[in-house]
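Report on the structure given below.
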Amino acid sequence: MARAKLGVAGLDAILHGGVVPGNAILVEGTPGAGKTTLGMQFIYAGITQHNEPGLIVTFEEFPSQMYRDAGMLGWDLQALANENKLKIISTSPAVFRQETAGPSGLITQMAREIGAERVMVDSISHFQRLTQDPAEQREIFNSLVNMLKRGGFTAMFTKEVKSRSGDEVSFEEYASDTALRLTYEVEASTQRARYVEVVKARGQDFIPGKHSFLIGRGGITVFPSVALSTDDDAAKAHIERIDSGIPGLDEMLHGGLIRAWSLLLVGPAGSGKTIFGLQSVCFAASKGESCLFLSLRERPSMLRATAESLSMPLGTRGGGSVDLVYQAPLPLNPYALVYRLLQWIDRKHYTRVVIDSLDDLSGGLGDPGRALSLIRLVLDELRRRGVTSILIWGSRSGDEAGTVASTPQSGLVDAIISLRFVESQGVVRSGLAILKSRGTAHSTDIRPYQITSQGLSVVSRRVTVYDD
């Protein structure tokens with residue numbers, strides 16, 4: 001069955017293409033969550049993308065206010081109204097109820113005048129001004145839904161909520177075909193983030209869970225919190241060993257990294273994690289590959305200076321290239337950044353990507369479960385695209401190998417390398433250990449490594465004690 005697209009990037013994908021035409025869509029949310037914006041976008045997209053004229057009924061704003069607010073998002077609703085593709089009716093709940101009492105009501109007539117196929121009512125919370133009786137409120141809403149369905153409209157209703165408990169269900173949700181909940185939540189005690197959840201979608205499947213979204217020029221963009229495709233292109237390919245770019249490491253890996261694998265690089269501050277990542281992408285670029293270094297810590301100027309001091313100039317080299325992208329860790333919407341990362345990969349066909357660091361990417365979410373879900377999303381999408389990834393993760397000096405290997409993140413990646421400091425005979429030395437290499441043999445000893453003007457290199461011999 002053809003779907004009626006809401007016109008919201010990401011949300012239609014979560015709904016597997018949109019909603020069933022003629023459905024009644026309920027959008028519930030707390031103040032500032034974006035309910036009215038979603039409603040306007042639903043109407044605007046219907047007109048401009050699908051040639052479906054629309055009608056907006058508002059109990060709070062005058063048409064001039066809606067034109068102004070829409071203009072700030074890049075939508076010219078006034079022009080659409082002048083073209084007789086849109087009507088905005090500013091009225092009161094009492095008058096609106098009278099005008100929807102029958103098929104010849106004023107609202108229905110106005111909709112027919114422009115051939116409207118979509119209707120948005122903002123907001124049904126104002127029906128409480130008509131009566132405080134829940135049964136009568138339910139009857140008012142049911143009558144409205146049935147009237148619009150008989151008219152063949154795909155309708156969206158916004159509803160204000162002061163707060164939302166996970167088990168609370170409104171009577172409007174029962175009467176609606178599709179129910180969306182928008183929230184504006186405090187995260188990590190320093191910033192707010194918006195989320196949308198599909199609570200119900202009668203007659204169709206959808207992707208459950210809470211999905212992050214942003215409001216900006218062009219309206220709402222939703223970032224699904226799970227991979228949208230189950231295809232694993234990398235899994236269909238033969239296992240291919242590739243050079244890590246770190247002298248001595250490929251011997252420990254018994255042949256090098258495996259293409260499309262994810263490597264978690266763990267180590268305390270000053271252990272050389274960033275240098276490791278820079279060296280790996282520079283090496284791949286020298287072999288003709290396109291690589292990306294995504295930094296949430298150091299600005300590109302500092303990374304370039306570091307690379308040049310280690311004889312690893314960035315940019316185009318050897319037929320390949322290394323692109324540096326910096327994103328300040330605060331404020332940061334991690335899901336939005338992942339969305340942009342995947343767009344960059346699809347556009348420039350990167351084969352090797354470094355993310356520095358995983359701590360900063362997922363730390364702003366606050367909720368450990370949500371952070372783990374984000375990491376899984378990143379890894380699934382990179383693996384599906386055949387991208388070899390190095391994910392840098394900071395640890396405390398002295399963390400035991402078992403502690404690192406037992407973290408939830410460790411179960412998601414294909415390989416784990418630990419950089420550590422070891423004190424021996426009053427001297428602090430650097431050691432590298434491979435804690436995991438999925439399904440392949442690897443060295444299990446700790447080997448010394450050093451950072452010189454030529455970069456990071458691992459001693460190519462087995463040692464058990466750090467001797468002078």
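Overview of values
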| read-out | value |
| --- | --- |
| Among the candidates R340, R370, R347, R297, residue that is at pLDDT 95 or above and not assigned by TED's automatic domain parsing to the domain that holds G209 | R347 |
| Test result for S212, assigned to a loop (DSSP other than H, G, I, E, B) and in contact (Cβ under 8 Å) with a residue 12 or more places away in the chain | no |
| S457 vs. criteria outside any loop (DSSP other than H, G, I, E, B) and at pLDDT 95 or above | yes |
| Residues that are at pLDDT 80 or above and of a type in the set (S, T, N, Q), drawn from region 162-197 | S170, S176, T178, T183 |
| Scope region 135-168; condition of a type outside the set (A, V, I, L, M, F, W, C), touching a residue at least 24 places away in the same chain (Cβ under 8 Å) and assigned to a helix (DSSP H, G or I); matching residues | Q137, R138, N142, S143, K149, R150 |
| Qualifying residue in region 87-96 (condition: at negative phi and touching a residue at least 40 places away in the same chain (Cβ under 8 Å)) | no |
| Per-region count, region 326-362, residues surrounded by 17 or more Cβ atoms within 10 Å (Cβ to Cβ) and more than 22 Å from S280 (Cα to Cα) | 8 |
| Cross-chain or 6+ apart pairs with Cβ under 8 Å, region 320-334 first and within 25 Å of Q279 (Cβ to Cβ) and assigned by TED's automatic domain parsing to the domain that holds R304, then polar (S, T, N, Q) and outside any strand (DSSP E or B) | G320/S286 |
| Strands (runs of 3 or more DSSP E) wholly inside region 281-347 that include at least 3 residues being in contact with a Gly (Cβ under 9 Å, 6 or more places away or on another chain) | 290-295, 320-326 |
| Which listed residue, of G272, G218, G277, is in contact (Cβ under 8 Å) with a residue 60 or more places away in the chain and touching a Leu at 6+ places or on another chain (Cβ under 6 Å) | G272 |
| All helices (runs of 4 or more DSSP H) inside region 32-134 with 1 or more residues being at pLDDT 95 or above and closer than 25 Å to A193 by Cα | 35-50, 63-72 |
| Residue that is surrounded by the fewest Cβ atoms within 10 Å (Cβ to Cβ), among those in region 432-458 that are under 27 Å from A305 (Cβ atoms) and of a type outside the set (S, T, N, Q) | I451 |
| Boolean, E197 is among the charged types (D, E, K, R) and either more than 25 Å from E99 (Cβ to Cβ) or touching a Leu at 6+ places or on another chain (Cβ under 8 Å) (or both) | yes |
| Residue under evaluation D177, criteria (1) touching a Phe, Trp or Tyr at 6+ places or on another chain (Cβ under 9 Å); (2) buried (at least 16 other Cβ atoms within 10 Å of the Cβ), criterion not met | (1) |
| Matching entry among G255, G288, G267, G248 (being more than 24 Å from K436 (Cβ to Cβ) and either surrounded by 23 or more Cβ atoms within 10 Å (Cβ to Cβ) or in the same structural domain as S430 (by TED's automatic domain parsing) (or both)) | G288 |
| Lone unmet requirement of (1) closer than 30 Å to L341 by Cβ; (2) surrounded by fewer than 20 Cβ atoms within 10 Å (Cβ to Cβ) for E160 | (1) |
| Matching residues in region 46-60 - criterion: being in contact with a helix residue (DSSP H, G or I) (Cβ under 8 Å, 6 or more places away or on another chain) and under 18 Å from M110 (Cβ atoms) | I47, E52, P53, G54, L55, I56, V57, T58, F59 |
| Residues satisfying the stated conditions in region 348-383, i.e. charged (D, E, K, R) and either farther than 22 Å from K273 by Cβ or part of a helix (DSSP H, G or I) (or both) | K348, D359, D360, D367, R370, R376, D380, E381, R383 |
| Within region 411-426, considering residues that are modelled with pLDDT under 85 and out of contact with any strand residue (DSSP E or B) (no Cβ under 6 Å at 6 or more places or on another chain), the one nearest to S373 (Cα to Cα) | E423 |
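The values are calculated or read from the model by the stated rules, or taken from the named source; none is laboratory data. Only a predicted model underlies this, so the values are computations on that prediction, with no experimental measurement involved. Quick reminder, even Gly has a Cβ in these numbers, built from the backbone with ideal geometry, and neighbours come from all protein chains shown.
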